[in-house]
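What follows is calculated from the coordinates using simple rules that are stated; it is not laboratory data. Quick caveat: nothing in here was measured; it's all calculated off a predicted structure. With ideal geometry, Cβ positions are generated from the backbone for all residues, glycine too; neighbour counts draw on all protein chains shown.
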Amino acid sequence: MRLAVLCPHFAPDVAPTGEVITRIVLELADRHHELHVITALPWYLNHRVEPEWEGRPVRREATEWGSITRVHPFPTDKRDIPRRALAFAGFSVLAGATGLMGGRVDGVLAMSPPLTLGLTGRGLGLARRAPLVFNIQDVFPDVAIELGAIRGRAPIELAHRLERASYAAADAVTVLSEDLADNVRAKMAPRRRDDVRVIPNFVDTATIAPCDRHTPYRRELGIGDETVVMYAGNVGFSQSLELMVSAARALAEDPSVVFVVNGSGSALPAVQASAEGLANMRFAPLQPRGRVPEVLATGDIHVVPLKRGLARSSVPSKTYSVLAAARPLLASVDPGTEVDRLVSRAGCGRSVPPEDPAAFVAALRGLLADPPALAEMGAAGRRFVEGWASPGAVAAAYEALFAELGSARGDGRFAQAPR
């Protein structure tokens, strides 16, 4: 098959969703498909175009499996919602314009956020006579509304209309969990609800593997044999990192425990200000992709803290990476949602209600009191992901979906690649 891929991030950009789509593309290439990626110039690390990529608004490169076209992302501060919406629209229009070049393709795969890429994908699909698969990583605008980033009846209604139009424009919508599937299906016409499919994000268990906890990164942070409670990822308004600060304050007299926030984002200054004066809390910038296994190994307990209501709209991809590294999770999420069920099903940690400092600290104390149990939770998480979602299995699911859509159209061009 010949596929066009629309996404906001792609290697060497370090955004988690960029790593996901990059691996899916490479796995599809290994299955003998031709892929043409339309994405943004790398910008995630510092929320500006990386210096080595500046100078041209559009860059194209040929690859052994197809091509990559990178366009300017118009990066803005996440807190400035109107400007961010305009930036997403500008990126989507520019990506769509560049994507019109080239011949017919057998399918278009577009990723959200941003939602606007759904309509861009529809336009590209019409122009290049191909079905659109719209991949939803986080359900927007639900997340933004829960956080109060979008307020007022008119803006919320406009955002919901864009969401419904994006779903309606797709031939199929893929989501990461049954929670997200239920959310999206409720916003679609009854006859279209079977077009929502669950294809989870993969975890690369070859690259991310159990490693010794005494890493060079730990030494860089000035940490010895202390137990490290870590949050690694985007420090945004979706994450309830005040829980980390509360726990650090509650355990301030225990020299055997250190709290680390590894990452960057719009909410970082507020979290740092809240933690001022806490000697047992460290902040470190987001590390290059090649150091992800080392960062994960540095943490003895990893925290997944989502604010109330968000676990029904989002499944943090870092969750599976932590399990692959054989480290236990302490999740602060809505009960009964995907991450909560995962922790229970895999036996890989503890889950507490969101934004509940007392419950969070109590669960953390329980984990810290039983090191052998921590080791077993980590091992259980590793066993779970090894048998659950490999990169090859996820790529095969997308391949099968495009073949199904092609067959429904009666298009003989669609076929799964020979093995």
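Please work out the C-alpha center-to-center distance from the range 1-55 to the range 211-266 and express it in whole Å.
After rounding, the separation between the Cα centres reads 29 Å.
Where nothing but the Cβ of Lys and Arg (+1) and of Asp and Glu (-1) is charged, how large is the charge dipole of the range 216-386 around its Cα centre, in debye to the nearest 20?
So the dipole magnitude of the range 216-386 works out to roughly 480 debye.
Counting GluC sites (Glu not before Pro) as exposed when in a DSSP loop with at most 10 other beta carbons within 10 Å, what is the longest stretch of the chain free of them?
Counting at most 10 other Cβ atoms within 10 Å as exposed, the longest clean stretch of the chain is 65-252.
If all Cα-Cα distances of the range 216-386 are sorted into 5 Å bins from 0 onward, what percent lands in each bin, rounded to whole numbers?
Answer for the range 216-386: a P(r) of 1, 9, 19, 23, 24, 16, 6, 1, 0 percent.
When the dipole is taken about the Cα centre of the range 114-239, and only Lys, Arg (+1) and Asp, Glu (-1) are charged at their Cβ, what size is it in debye, to the nearest 20?
Dipole of the range 114-239, to the nearest 20 debye: 780 debye.
Which log10 I(q)/I(0) values, to two decimals, does the chain give at q = 0.08, 0.09 Å⁻¹ under the Debye formula with one point per Cα?
Here log10 of I(q) over I(0) equals -0.43, -0.55.
So what's the net charge close to Leu126: Lys and Arg +1, Asp and Glu -1, counting the other residues with Cβ under 12 Å from its Cβ?
Details: positive: Arg104, Arg122, Arg128, Arg129; negative: Asp171.
Every neighbour counted, the sum reads +3.
Taking K and R as +1 and D and E as -1, what net charge do the other residues with C-beta under 15 Å from the C-beta of Cys7 add up to? Before the final figure, lay out the partial values.
Working: positive: Arg23, Arg70; negative: Asp13, Glu19, Glu27, Asp138.
Around Cys7, the charge tally is -2.
Would you be so kind as to identify which of Leu126, Ala379, Leu26 lies farthest towards the positive end of the dipole of the chain, taking Lys and Arg as +1 and Asp and Glu as -1 on Cβ and the Cα centre as origin?
Leu126
Between Pro353, Pro371, Pro316, where does the largest GNM mean-square fluctuation fall for the chain, given springs only between Cα atoms within less than 10 Å?
Result for the chain, Cα springs under 10 Å: Pro371 fluctuates most.
What share of the DSSP beta bridges in the range 1-150 is antiparallel, in percent to the nearest 5?
25
Run the dipole for the chain about the Cα centre, Lys and Arg Cβ at +1, Asp and Glu Cβ at -1, nothing else charged, and hand back the magnitude in debye, nearest 20.
1280
Among DSSP beta bridges whose residues both lie in the range 216-386, state the antiparallel percentage, nearest 5.
So the antiparallel bridges amount to about 5 percent of the total.
If eta is 0.890 mPa s and T is 25 °C, what Stokes-Einstein diffusion coefficient results for the range 232-295, Kirkwood Rh from Cα pairs, in µm²/s?
Details: Rh = 12.3 Å.
Value of D from the Cα-based Kirkwood radius: 200 µm²/s.
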